[in-house]
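First comes the structure, then the notes that go with it.
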Amino acid sequence: MNDKIDARPAVAKKITLTNGVELIVPHDYSKASIEAAIDFEFRPSDIVLASYPKSGTQWTAEITWLICNNADITSAKSVMLEDRFRQLEKSPSAGSLNQLDVLNAWPENQTRFIQTHLPMELLEKKLLCCPTVKLIYVVRNPKDTCVSFYHFHRMKMEYSNPGPWNEFVEKFVRGEVTRGSWFEHVRGYLLANEKYNFAHFVSYEDMSSNLRNEVIKLANFLNMRDLSEDQISTIVEHCTFANMKDNKCVNYQHYHEDGRYNFEVSKFMRKGIVGDWKNHFTIEQSEAFDAVYEERTKDWPLQLKFHPVA
Ligand code: A3P
């Protein structure tokens, strides 16, 4: 298997869209599917979850879906999350359906749950056509995101070879990894929200420290204020790291079985903790990262809770 990892290209796949925007995407993603995603017509009742990879996307998606579906644990344990929460820009692969076809055929009277890693600049125009769309953005300490992404690169076969950790950190800081710059991604959503006030921001760290509180805040944003205390407790219990790690509908075990992921290298549900960066960054790497963080975030409309990146 290591031979297979080594055979992957060291450089991530860059595409230039017709509108001139450059994007770095997984190797199995096509320009056509990204362009189709940008033209996607949202519906007023859509729920859209956006994030930079490894920020806690699946965690937030599972919580969001349960909030909007009466904490229906039975369905959540029998239908794959990726079939309940569709990724907008994912290219159809062998044996899988075109996500956009599925979303476009979705019954008009049912909420569509849509997940995306696309930058705000590519979604803004279409989102603004549909101001009642509920937009959620999940963000995580970039050092922990970088660590999680490094291990994800090691095990996800359609990604480029991350190389050694010290090289990966530098590529992450320069925005040369799949999905591009963390700084640009977060900034885009923060600036758009400053202008239109249309998103709910949730952080991985807040979910880790008080999941119940974050479930209630998210339920309020989604206008699902009728959830009972019991339903909230059910969601919180179902969404602990230990329970999600054992749940085949969210842990991507099937991707390991079909060869898309290699869990012998690293699991999708890897550690699920705050602060694992301290086990990876050297003091020099951490200080260099902090300096870049200071510089790149100084024009942001608000400073995120992990500023400084501790
Ligand atoms: P680690 O690699 O640090 O463990 P995404 O869904 O955006 O790809 O994010 C994946 C990260 O979220 C992984 O981080 C994963 O373990 C973590 N995660 C997923 N579910 C979680 C949960 N219930 N509690 C805590 N962390 C969770």
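The values are calculated or read from the model by the stated rules, or taken from the named source; none is laboratory data. Given the structure is predicted, the values throughout are model-derived calculations rather than measurements. All Cβ positions, glycine included, derive from the backbone under ideal geometry; neighbour counts span all protein chains shown.
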**Request:** Return yes or no: is Glu264 within 23 Å of Glu167 (Cα to Cα) and in a helix (DSSP H, G or I)?
**Result:** no
**Complete:** Apart from one, (1) of a type in the set (S, T, N, Q); (2) away from the ligand (no atom under 13 Å from the Cβ); (3) closer than 20 Å to Cys249 by Cα all hold for Gln87; the odd one out is (2)
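Scan Leu211, Leu128, Leu227 and give me the residue that is more than 30 Å from Asp299 (Cβ to Cβ) and more than 16 Å from the ligand (Cβ to nearest atom).
Exactly one of Leu211, Leu128, Leu227 is more than 30 Å from Asp299 (Cβ to Cβ) and more than 16 Å from the ligand (Cβ to nearest atom), namely Leu227.
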**Message:** Just the residues that are outside any helix (DSSP H, G or I) and either more than 10 Å from the ligand (Cβ to nearest atom) or farther than 15 Å from Phe85 by Cβ (or both), please, taken from region 232-258.
**Reply:** Thr240, Asp246, Lys248, Cys249, Asp258
**Complete:** The number of residues in region 145-198 that are of a type in the set (S, T, N, Q) and free of Cβ contacts under 8 Å to residues at least 40 places away in the same chain is 2
**Prompt:** Can we say Leu103 is in contact with a Leu (Cβ under 8 Å, 6 or more places away or on another chain) and away from the ligand (no atom under 15 Å from the Cβ)?
**Reply:** yes
**Request:** Starting from region 43-63, take each residue that is among the aromatic types (Phe, Trp, Tyr) and list its partners that are more than 10 Å from the ligand (Cβ to nearest atom), counting only C-beta distances under 6 angstrom and pairs at least six apart or across chains.
**Result:** Tyr52/Trp182; Tyr52/His185
**Asked** Got at least one residue in region 23-42 being surrounded by 13 or more Cβ atoms within 10 Å (Cβ to Cβ), touching a Ser or Thr at 6+ places or on another chain (Cβ under 9 Å) and under 27 Å from Phe241 (Cα atoms)?
**Response** yes
**Asked** Regarding Phe198, is this residue in contact with a strand residue (DSSP E or B) (Cβ under 7 Å, 6 or more places away or on another chain), away from the ligand (no atom under 12 Å from the Cβ) and at pLDDT below 95?
**Response** yes
**Item:** Answer residue from region 26-66, given it is aromatic (Phe, Trp, Tyr) and not in a helix (DSSP H, G or I) and is nearest to the ligand (Cβ to nearest atom) among those
**Value:** Tyr52
